[in-house]
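Report on one structure; see the data block that follows.
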Amino acid sequence: MIELELEKTYLARSLPEGLASCPHTEVADLYIPAIDIHPVLRIRKKGDKLEITKKQPVVEGDASEQSEHTIRLTHEEYTALTSIKGKAVRKIRYAYPYNGLNAEFDVFKDALEGLVLVDFEFKSPKDKNSFQIPDFCLVDVTQDDAFAGGMICGKSYSDIKAHVEELGYKPLYL
């Protein structure tokens, strides 16, 4: 299935009250091939859902509008594909209601613990372009490649520490 994804990504400033009790799912991503600096092919396990996705900007240089091609996988396909050498990342995704939208809080685990990103998806470019940053968000990093899934995978918090500190970010833990 090919979809147009309209999205903005923010570094979290704080974790809103009640976030821990919101619906959440563990997400394990493997980006391939491992030799790419910025792989765009993602093998994902989100709860019981298994899939492979390729995301690419519709317009070069604008990460807020992406063509997303996703294919569901069987357990056997997922197992075979995850045997490929890739770059991994694991996070817990919380669904937090905010002004009629769903704020997806990605609380990173393992080597990236302390990093929290917040994604908002929109139904139209107008909605995306008129969106006002919430208080619990620090800065819009949608266009900052350092926070793209294919770039953050395989890294540790110490790898990104200097960059996030330049943006005024302080590690958050849930």
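How much length would be gained if the chain were fully extended between N129 and D48, taking 0.36 nm per residue of separation minus their Cα-Cα distance, in nm to one decimal?
Answer, rounded to one decimal: 25.8 nm.
Counting only the backbone N, which residues of the range 51-77 are under 18 Å from the spot 7 Å out from the Cα of N102 toward its beta-carbon?
51-53, 66, 68-72
For T142, T79, T25, what ranking results if the residue with the fewest other Cβ atoms within 10 Å of its Cβ goes first?
T79, T25, T142
How would the range 118-159 be classified by its alpha-carbon gyration tensor: rounded, prolate or oblate, with rounded meaning a/c under 1.5 and the a/b versus b/c comparison settling the rest?
Prolate, because a/c is 1.5 or more and a/b exceeds b/c.
Normalising by the residue count of the range 2-166, find the relative contact order in percent from Cα pairs under 8 Å and 6+ residues apart.
Relative contact order of the range 2-166: 31 percent.
Quick one: what are the phi-derived ³J(HN,Hα) couplings along the range 13-25, Karplus 6.51/-1.76/1.60 with θ = phi - 60°, whole Hz, x for glycine and proline?
In residue order, the calculated couplings are 8, 8, 9, x, 4, x, 4, 4, 8, 6, x, 8, 9 Hz.
To make sure I understand, if each residue's beta carbon is the centre and we count other beta carbons within 10 Å, what order do R42, R72, R13 fall in, fewest to most?
Ranked by crowding around the Cβ, least crowded first: R72, R13, R42.
When Y157, Y31, Y78, Y173 are ordered from fewest to most other Cβ atoms inside 10 Å of their Cβ, what list results?
By the 10 Å Cβ count, ascending, the order reads Y173, Y157, Y78, Y31.
Rounding to the nearest 20 debye, state how big the charge dipole of the chain is about its Cα centre with +1 on each Lys and Arg Cβ and -1 on each Asp and Glu Cβ.
380
For L73, what residues show an amide H to amide H distance below 5 Å, using hydrogens built from the backbone and excluding near sequence neighbours?
L50, E51, I52
Can you pull the one-decimal nm distance between simple spin-label points at S156 and Y173, each 7 Å off the Cα toward Cβ?
Between S156 and Y173, the simple spin-label model gives 1.7 nm.
Determine the shape class of the range 67-174: with a ≥ b ≥ c the square roots of the Cα gyration tensor eigenvalues, call it rounded for a/c under 1.5, and otherwise prolate if a/b is greater than b/c, oblate otherwise.
oblate
For the charge dipole of the range 2-166, defined by +1 on Lys and Arg C-beta atoms and -1 on Asp and Glu C-beta atoms about the Cα centroid, which residue among G18, A95, S83 has the Cα displaced farthest towards the positive pole?
Farthest towards the positive pole: S83.
Only helical DSSP H runs with n ≥ 4 go in: add -39500 (n - 2.57) per run for the chain, normalise by residue count and round the 222 nm mean residue ellipticity to 500 deg cm²/dmol.
-4000 deg cm²/dmol
Can you give me the long-range amide H partners of F136? Hydrogens built in the peptide plane at 1.01 Å from N, cutoff under 5 Å, separation of 5 or more residues or another chain.
Result for F136 returns nothing.
Relative to the longest principal axis of the C-alpha atoms of the chain, give the angle of the C-alpha long axis of helix 157-166, reported between 0 and 90° and rounded to the nearest 10°.
Relative to the chain, helix 157-166 is tipped by roughly 30 degrees.
For E166 and H75, what is the calculated FRET efficiency with R₀ set at 41 Å and r taken between the beta-carbons, to the nearest 0.05?
The formula returns an efficiency of 0.45 here.
Given the pairs K87/K155; K126/K170; K128/K155; K49/K161, which span a C-alpha to C-alpha distance of over 20 angstrom in this model?
The answer is K126/K170; K128/K155; K49/K161.
Every read-out reported here was derived from the displayed coordinates using simple, explicitly stated rules and does not represent laboratory data. Since we're looking at a predicted model, the values are computed, not measured. Counting neighbours? That spans all protein chains shown, and the Cβs are built from the backbone with ideal geometry, glycine included.
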